[in-house]
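Report on the structure given below.
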Amino acid sequence: MVEPGRRGIIDRMDTDVADQMIETLARFVDNDVLPHVRDFELDDLYPDAMVDQLREFGLFGATVPEAFGGLGLDVSTYARVIEELSRGWMSLAGVINSHLIAAQLINGFGTDDQRSRWLPGMAAGTLRGCFSLSEPDSGSDAAALRCKAHRDGDEWVINGTKMWVTNGERAGIVALLARTSDEPGAAGISCFMVEKTPGPAGDGGVTISKHIDKLGYRGLETVEMSYVDHHVPASALLGGETGLGKGFRWALTALELGRINVAARGVGVAQAAFDAALAYAQQREAFGKPIAQHQAIGFKLAEMATKLHAARLMVRDAAARVDAGERADMEAGMAKLFASETAAELALDAMRIHGGNGFTTEYPVERLYRDAPLMIIGEGTSEIQKLVISRAILSRAADKR
């Protein structure tokens, strides 16, 4: 078992191998994703064939160690993968994000038995995972969760309602945060790996109680899940008995990867918005010449390109710090804050450059405009990121004294 809270230095992938992987993924996005997004997105249809291809690429095991059948990607390469998928359709990045957060928890804090039991299936994509922290009454104040688990002999009995569970229906294992003691705040929270049968019917005391219809981020399910006297074996407690009360701290560590994921999504969406704006501005003519040659549009494109470049550099810096085993809470928060806000700004800029056409479903920018706000909210709102960043600034300042 990896010592809780400890990071090892991750071997960086060979640059040529990483580049080849991204090139293959780019061809998939250009040939098999972009031409077909509209067939799924507006009607909120799950893209089975695309997900099967992600499985064939091995992306369900992207960050799972090779010893368990995964690709063992460093975080820098993983961020590039997520950026490329999001350039095509952000929802595809969501298919693997919560899955890999669950895998990260198991690999980082699970027992040897838990790792060997679950990680090979997760790496192969035959066992889908999801992450379940938020509740109807606890979002940004995640430590105020009310879901409870009490011991009953060799089992734990779980009761509560969880919200915003991406992949909750199709998952076969749920990384669930629940309160296991009366201690206030994070100290009383543990993490359980809850196995269930994939599908809408529920399993035992687990019910998919509601599908959440969304503005964007469509094509994959986001659900509410209810637990009523649901029994799980003692072996479901992440880390075994030593994991009691440590779940919330471990979840925050795993969410660092999630924040880099969301930041990389922001870069991908921003790139798609810039590409669409640039192409349209070179084709659309007004006053006798392409609108890209008008100074107002040219300056807007310059601003978009600059923000996009800055966002990408911030994501890569945060990922490189994680790979090097360095503290990266502040950098991951900065990258997530800046990249998500940049994606929203560039999506709106692209819509403005398209004019009335940008408001129609004929062009991709309206989808980008609907997808972008999720990244400002998901994995901690921009306001929470500012809180994380400010605390890290003060903590590092104190360490220098």
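Taken together, the values in this text are just the output of simple stated rules run on the coordinates, not laboratory data. In this text, all values refer to a predicted model and were calculated from it rather than measured experimentally. Reconstructed Cβ throughout: ideal geometry from the backbone, glycine too, with neighbour counts over all protein chains shown.
Electrostatic bookkeeping for Leu45 treats Lys and Arg as +1 and Asp and Glu as -1; over the other residues with beta carbon under 15 Å from its beta carbon, the sum is -4. Our coupling estimate for the range 181-187, obtained by passing each phi through the Karplus curve with A = 6.51, B = -1.76, C = 1.60 and θ = phi - 60°, is 8, 8, 4, x, x, 5, 4 Hz, Gly and Pro reported as x. Each Cα pair under 8 Å and six or more residues apart adds its sequence gap; the mean of these over the residue count of the range 255-359 is a relative contact order of 44 percent.
Residue by residue, the range 331-338 carries 3J(HN,Hα) couplings of 5, 5, x, 4, 4, 5, 4, 6 Hz when phi is fed to the Karplus relation 6.51 cos²θ - 1.76 cosθ + 1.60 (θ = phi - 60°); x denotes Gly or Pro.
Using C-alpha pairs under 8 Å with a sequence gap of at least 6, the mean separation divided by the residue count of the range 28-133 gives a relative contact order of 30 percent. Listed by chain and number, the lysines whose alpha-carbon sits under 25 Å from that of Lys148, ignoring those within fewer than 8 places in the same chain, are Lys162, Lys196, Lys210, Lys246.
Assuming charge only on the beta carbon of Lys and Arg (+1) and of Asp and Glu (-1), the dipole of the chain about its Cα centre is about 1060 debye to the nearest 20. Considering only Lys148, Lys307, Lys210, the mean-square fluctuation computed in a Gaussian network model of the chain, springs between alpha carbons under 10 angstrom, is largest for Lys210.
Given contacts defined as C-alpha pairs under 8 Å and at least six residues apart, what's the relative contact order of the chain, whole-number percent? With pairs under 8 Å counted, the relative contact order is 16 percent. Taking other residues whose beta carbon is less than 13 angstrom from the beta carbon of Ser140, and scoring Lys, Arg as +1 and Asp, Glu as -1, yields -4. GNM on the chain, alpha-carbon springs under 10 angstrom: the most fluctuating residue among Gly108, Gly288, Gly258 is Gly288. Backbone phi angles across the range 269-285, fed through the Karplus curve with coefficients 6.51, -1.76 and 1.60 (θ = phi - 60°), yield HN-Hα couplings of 5, 4, 5, 4, 5, 5, 4, 5, 5, 5, 4, 5, 5, 7, 9, 6, 10 Hz in residue order; Gly and Pro are listed as x. Between Trp156 and Val232, Ala234, the built amide H atoms are under 5 Å apart, and every one of these is 5 or more places off in sequence or on another chain. Within the set of other residues whose C-beta is less than 10 Å from the C-beta of Arg179, count the net charge using Lys and Arg as +1 and Asp and Glu as -1. Residues close to Arg179 contribute a combined charge of 0. Scanning residues 5 or more positions from Lys210 or on other chains, those with amide H under 5 Å from its amide H are Glu224, with H placed 1.01 Å from N in the peptide plane.
Distance from the C-alpha centroid of the range 43-109 to that of the range 153-170: 22 Å, rounded to the whole angstrom.
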